[in-house]
């Protein structure tokens, strides 16, 4: 608004030629989800609250990786150690009253069955994620799979 | 008679006078030395001092920055010395004397690259675990007194595990390893073997 006013004032003094030039080179206003933040800066993270511990959440489609129904703050999954396996490994799950890792995770890329999870399934949070109170950024019409709706 | 009486008194007075001056000097010097010593020791008990060395700043401090003891809801923090240096004067002094070994290794450059640090991570971690175990996790208990834990307020999992653990006579460090820094390689039987790291040592069966 301010720039337009300044431009108009400038035009009054200098005639109409500069106005046309300014219009021609006015940049197109494009906005992505990161807004006006320059590339070399980082958007400030919004504050989301981690959901409280709860029972396992039902899936919305059959192939959905089950969601993590508890906080995973401070749970590191590094080359040295995988914290999730403290409870979800088959040897710990019963004691910890946790869900066992699915048997589908025990196959390596050649189809060979292993005695524990395959290294290609090591990084749990690639597929399994905890939930926060974040609202969807855009509307959607997603519906739960028919076969998973309670009859 | 009076002269005879006066003489020893004045001598006594002189001795007493000189003594009190010496005592006063000793007293002031004591305050300065003692206070100076403690101030210097306290100066070396701050987070800024600890991360004055790049070995700490670029390895363990970076890892600690992502944990609850660095940043949390209420801003109550535990900085390096809160966990790694005893609060009591005697044990603190002993720990500070032991730290001269760390100065030697700083000079030798034993852990002056991330690669060297990670190669030594297991050994360094084991030293801290052993120290914590020996004192029944004293530095944890300076803040976390488990006699006053309200299990009703704790999460479902932590409530169950705490009661079970304390019942078995366990101490904090038995389970809470790697809460402020990354763990060394722990054998979990996933993929290639992480040679030389006993899982049981780091994570006793619960």
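Only one of the numbered conditions (1) surrounded by 14 or more Cβ atoms within 10 Å (Cβ to Cβ); (2) part of a loop (DSSP other than H, G, I, E, B); (3) more than 10 Å from chain B (Cβ to nearest Cβ) is violated by residue A:144, and that is (1). In the set (1) part of a helix (DSSP H, G or I); (2) surrounded by fewer than 10 Cβ atoms within 10 Å (Cβ to Cβ), residue B:116 fails one condition alone, (2). Scanning the range B:179-193 turns up no residue that is within 24 Å of residue B:77 (Cα to Cα), away from chain A (no Cβ under 14 Å) and either in contact with a helix residue (DSSP H, G or I) (Cβ under 9 Å, 6 or more places away or on another chain) or part of a helix (DSSP H, G or I) (or both).
Anything in the range A:31-55 that is within 14 Å of another protein chain (Cβ to nearest Cβ), in contact with a strand residue (DSSP E or B) (Cβ under 9 Å, 6 or more places away or on another chain) and either assigned to a loop (DSSP other than H, G, I, E, B) or surrounded by fewer than 10 Cβ atoms within 10 Å (Cβ to Cβ) (or both)? List them, or say none. Hits for the range A:31-55 are A:48, A:49, A:51. On the stretch given as the range A:98-129, residues that are outside any helix (DSSP H, G or I), surrounded by 11 or more Cβ atoms within 10 Å (Cβ to Cβ) and within 14 Å of another protein chain (Cβ to nearest Cβ) total 11.
Restricting the range A:84-97 to residues that are assigned to a loop (DSSP other than H, G, I, E, B) and buried (at least 17 other Cβ atoms within 10 Å of the Cβ) leaves a set whose member that is farthest from the other protein chains (Cβ to nearest Cβ) is A:84.
Restricting the range B:143-165 to residues that are assigned to a helix (DSSP H, G or I) and more than 22 Å from residue A:94 (Cβ to Cβ) leaves a set whose member that is nearest to the other protein chains (Cβ to nearest Cβ) is B:146.
Bear in mind these aren't lab numbers, they're just calculated from the coordinates by the rules spelled out. Being a predicted model, the structure only gives us computed values, none of them experimental. Backbone-built Cβ (ideal geometry, glycine too); neighbour counts: all protein chains shown.
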